[in-house]
Amino acid sequence: MTNISSNAVSAEREGPLVPEAPQAPGPKAKPAWRSLNFGPRMWVSIGMIVAIAALAFIGPLFYPYGPDQKVGGLYDSPTPEHILGTENFGYDVLAVLMASTRNSLINGLLAGTLATVIGVLIGILAGYVGGWIEEALMGITNIVLAIPAIVILILISMSLQSTDIPFLKGIVGLALVIGITSWPWTARAVRAQASSVGTREHIDVAKLSGARTGGILIFDVLPYLASYVVMAWVLQLASAILAESTLSMLGLGPSGTNSLGMQLHWALAFQAVATGAWWAFLPPTIVLTLISFALLYLQSSLDEVFNPRLRRGKKKNLAKAAERRADAARKLAEQIEGRQEVSA
Amino acid sequence: MGLRRYLASKTVWYLGALVVAVVLNFLLPRLIPGNPVDVIVSSLGQGGASSEAQQRVYEQFMREFGLDQPMWNQFVTYLSSILHGNLGKSFAFYPTPVSDLIAQSLPWTLVLQLPAIMIGWIVGNVLGAVAAYKGGGWDKSVFTTSLVFSSMPYYCLSIILLYALAVQLGWFPPGGAYSLGTSPEWSWAFFSDALQYWWLPFLSLLLINIGGQAVGMRSMAIYELGSDYVNYSRSLGIGDAKMTRYIFNNAMLPQITGLALSIGTMVGGALITELVFNYPGMGTLLFNAISSNDYPVVQAVTLIITVAVLVANYAVEILYGFIDPRIRASKSGEK
């Protein structure tokens, strides 16, 4: 006991081992959001997403051709009038591309949001409430997680194909199927976080002041998970959009609608690649790549904003830090040597 | 003691998952109104077959696939035939057994995926570790390139490579797995012919794998570089070589898991690439089965994908039980 306190005192007397770098005079207090380190990555990815959304939602307002307007034959080359030519059914590729992008984004939003909501709900309940509810929910989650989602997606959408309900065959039905099959990893990750938040003191305070479980979950647990949930949502968006295109290319896409996957599906079915009709398959490929890249890039830059340990400094700063560490190590070694001399 | 309980609980969980997967695999195609045979027979009808012939085909299929039995009996039959390795007969290529179709397709998938995963894993890890360690411009360029490759859908890269390298430049044959007029055989001529067709799909999968592994390894290594034990060891003046080894050991564990898991997703991981290149693997088999409503084949493919993933996950968890001391120490592992 005395040892520890004397050590503490001596440490205090000796002062910090590393001389603190002189602090630059701080600027005037910034608003909280300014101190978030939104790197250039974040802005690049947001810019890409905005551009794609503009293509999907604003583009059709200004483009003279509709996606269901036959304007030519099989794979007409691009002309000034139809800058991306026509696809296999003679529709204008750019018009189809806009409609496809819109449907794919809507599908991603619906499915991704649904998956995130289910995942957060199950995860937060399991993590916070615990007990047999946790056991049961996590049992289900782990089992669904172990079975590859694509398998369930293939089997369900194959059954949906032969139903007579047009709603289920369309983009919304597909989004529902994707949403209810892709929540498990979110649930599992949220549970881990929620159960650690659940042991913090402010939860006890909330309980003592008589808050109900629902209120605690929403006002005292969820805000601590918000950054994580946002990142999970972005990932779910990306994976839902990709799941749609994978299914569509396997021939299980939404029937009678445009989507990026359906566009690629038809392009492959009508040999666009082999015949060199680049305008038919490159645009959806590129848009799909951009969407996926932008969302994952956004997720990784969000991760760096929320998790400073992943942040890399500039090389200059790294070198400085290495210097500081070397300096500290030298000082420490000197001190140890000094003490050894004293004790000897 | 802890280890034994851990292994037992993992075994129970994975058996449970397997049972659920098999039940879903059995049940989902049967949930549709009518049954798969209806779909097949009605598509025959569109082909112009007479109603009498349709009726005969219908009854034969119903008997053959046991669909006139009650559901429970069907399930028992299904289970016992799976256990005997009997995956039924194909609708589209009746009466070819499904296992024959699988046996023709699976090798093509493995030949593409196994080297792509292994080489991609090694190259990706080295790149990622170097990028994390060096930092600066090297890190930036490696990270951005890897991120592009790892985040673009794998089939998009396939399409772009196919168009650029095969159709435009003519360096590779545009699709297929061997020249017309040859058939698969164990001969040097066939091998060298197939190799030409193999390069492009292999490359497209390899690049995606390298990207994914490099991104993962980089962030693991950065995490380790900033951790307390590294700072502490550095302050003690431990040399760079030794530090790199410590960091590497710690960052490797999740990467080894990643390798095992991607070997598990091997069968189902390149479905669309095969489609794009018209490569006769499991993806093409699945696509053709879907478009001809060949339920037995679809069910067999999905079952194989599921079992591969479950086995790989299970193997990883068991391995972890032996490797990771934290699991040995705890009474019951994290579920």
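A few notes on this one:
- Within the accessible area of the stretch A:36-309 (1.4 Å probe), percent carbon and sulfur: 69 percent
- The string of couplings for the stretch B:196-209 from the Karplus curve (6.51, -1.76, 1.60, θ = phi - 60°) is 4, 6, 6, 3, 5, x, 4, 4, 5, 6, 4, 4, 4, 5 Hz, one whole number per residue in order, with x for Gly and Pro.
- The distance between label points at B:Gln60 and A:Ile286 comes to 5.3 nm (points 7 Å beyond Cα on the Cα→Cβ vector).
- Counting 0.36 nm for each residue step from A:Asp327 to A:Thr199 and taking away their Cα separation leaves a gain of 42.1 nm.
- Computed over the stretch A:36-309, the ratio Rg/Rh where both radii use C-alpha atoms and Rh is Kirkwood: 1.06
- Pairs exceeding a 32 Å alpha-carbon distance, out of B:Lys10/B:Lys134; A:Lys70/B:Lys89; A:Lys331/B:Lys134: B:Lys10/B:Lys134; A:Lys70/B:Lys89.
- Orientation-averaged projected area, Cα convex hull of chain B (nm²): 23.4 nm²
- Residue (of B:Tyr223, B:Ala194, B:Leu110) at the positive-pole extreme of chain B, dipole from beta-carbon charges: B:Tyr223
- Computed label-point distance, nm, for sites B:Ala241 and B:Tyr94 using a 7 Å Cα→Cβ extension: 7.1 nm
- Residue-normalised accessible area of the protein assembly as shown, given per residue in Å² at a 1.4 Å probe: 50 Å²
- Mean-position separation - Cα centroids, the stretch A:219-281 and the stretch A:149-203, in angstrom: 15 Å
- Rounded to the nearest 20, the size of the Cβ-charge dipole of the stretch A:36-309 about its Cα centre is 400 debye, with Lys and Arg at +1 and Asp and Glu at -1.
- For the protein assembly as shown: rounded, prolate or oblate by the Cα gyration tensor [a/c cutoff 1.5]: prolate
- When the other protein chains are added to the chain by itself, burial of at least 30 square angstrom of heavy-atom accessible area (probe 1.4 Å, ligands and nucleic acids ignored) affects these residues of the stretch A:235-249: A:Thr246, A:Met249.
- Take the accessible area of B alone and of A alone, subtract that of the pair with a 1.4 Å probe, and the total buried over both chains is about 4900 Å².
- A helix-only calculation puts the protein assembly as shown at -23500 deg cm²/dmol for mean residue ellipticity at 222 nm, using -39500 (n - 2.57) for each DSSP H run of at least four residues, averaged over all residues.
- B:Asn86-B:Val311 FRET efficiency (beta carbon distance; Förster radius 25 Å; 0.05 resolution): 0.80
- Remark: relative contact order (chain B) = 29 percent; criterion is Cα-Cα distance under 8 angstrom and separation of 6 or more residues.
The values are calculated or read from the model by the stated rules, or taken from the named source; none is laboratory data. No experiment lies behind these values; they were computed from the predicted model shown. As a convention, Cβ positions derive from the backbone with ideal geometry for all residues, glycine included, and neighbour counts pool all protein chains shown. Ligands, DNA and RNA are stripped out before the accessible areas are found, and what is left, the full protein with its side chains, is counted by its heavy atoms. Shrake-Rupley method; radii C 1.70, N 1.55, O 1.52, S 1.80 Å.
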